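The values are calculated or read from the model by the stated rules, or taken from the named source; none is laboratory data. From a predicted model like this one, the values you see are computed outputs, not experimental measurements. Counting neighbours? That spans all protein chains shown, and the Cβs are built from the backbone with ideal geometry, glycine included.
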Amino acid sequence: MVQLIRQLLIYKPFIICLFIVNLLGTIYGYIWYESQLKITPLIFLPFVPDSPTASLFFTIFLLFFLFNRSVPYIEALAVTSLFKYGIWAVVMNVFTLYVEGELVWQGYMLIVSHAAMAIQGLLYIPQYKIELKHLTVAGIVILHNDIIDYVFGMMPIYASLNKYTQQIGYFTFWLSICTILLTYFLLKKSLTARTHIIK
């Protein structure tokens with residue numbers, strides 16, 4: 001089963017389908033952020049649409065991967081931001097369900113799509129050419145985004161969760177740290193496995 005999944009991930013028709021799905025998801029994500037972007041100061045615009053930017057990084061990776069090219073900095077940004085914001089969105093929507101006692105259908109859609117988003121980035125770890133310097137830059141980027149979101153108040157708008165902003169900011173910081181450590185561990189494990197195969 002594992003071998004079948006690995007073969008599917010490098011099967012070009014599947015990669016093309018995944019590319020299209022992520023491209024459309026990215027476009028939809030930016031549209032979803034439209035109302036918040038309209039009230040966002042110009043200097044902060046690149047930092048607000050977290051999830052669509054994460055899927056944009058992954059879409060770029062897939063495009064290069066189709067042509068057997070690697071883009072390590074993009075790969076590092078993709079895997080870390082996909083996991084972080086995928087998990088973050090799942091937790092926030094589940095938290096919204098807990099606070100409000102109900103969730104609109106879009107909330108359930110976001111839970112499923114963002115869970116898939118987090119998983120897909122990890123599945124391609126054996127294909128990445130990420131080194132420590134690439135992961136370091138990606139780590140700085142996602143931690144910097146936390147500062148923009150929770151120091152400058154540019155976090156995604158969840159009206160019912162506004163009173164929990166400090167707690168959410170604390171959770172998000174440690175989610176970033178865990179994301180960086182998990183990515184490092186999985187990359188190291190993948191590299192060790194590849195080295196063992198070569199030997």
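Miscellaneous remarks
- Here Glu75 passes the criteria (1) out of contact with any Lys or Arg (no Cβ under 8 Å at 6 or more places or on another chain); (2) farther than 20 Å from Ile168 by Cα; (3) in a helix (DSSP H, G or I); (4) of a type outside the set (S, T, N, Q) except the one numbered (1).
- Each residue in the stretch 81-138 was checked for being without any contact (Cβ under 8 Å) to a residue 12 or more places away in the chain, charged (D, E, K, R) and in a helix (DSSP H, G or I), and 1 pass.
- Scanning the stretch 169-199 for residues that are at pLDDT below 95, part of a helix (DSSP H, G or I) and not polar (S, T, N, Q) yields Lys188, Lys189, Leu191, Ala193, Arg194, His196, Ile197, Ile198.
- Members of the stretch 149-172 that are within 15 Å of Ser51 (Cβ to Cβ) and either surrounded by 15 or more Cβ atoms within 10 Å (Cβ to Cβ) or polar (S, T, N, Q) (or both): Asp149, Met154, Met155, Pro156, Tyr158, Thr172
- Scanning the stretch 33-58 for residues that are buried (at least 16 other Cβ atoms within 10 Å of the Cβ) and touching a Leu at 6+ places or on another chain (Cβ under 9 Å) yields Val48, Pro49, Ser51, Thr53, Ala54, Ser55, Leu56, Phe57, Phe58.
- The stretch 139-148 - residue that is without any contact (Cβ under 8 Å) to a residue 60 or more places away in the chain and hydrophobic (A, V, I, L, M, F, W, C) and, of those, surrounded by the most Cβ atoms within 10 Å (Cβ to Cβ): Leu143
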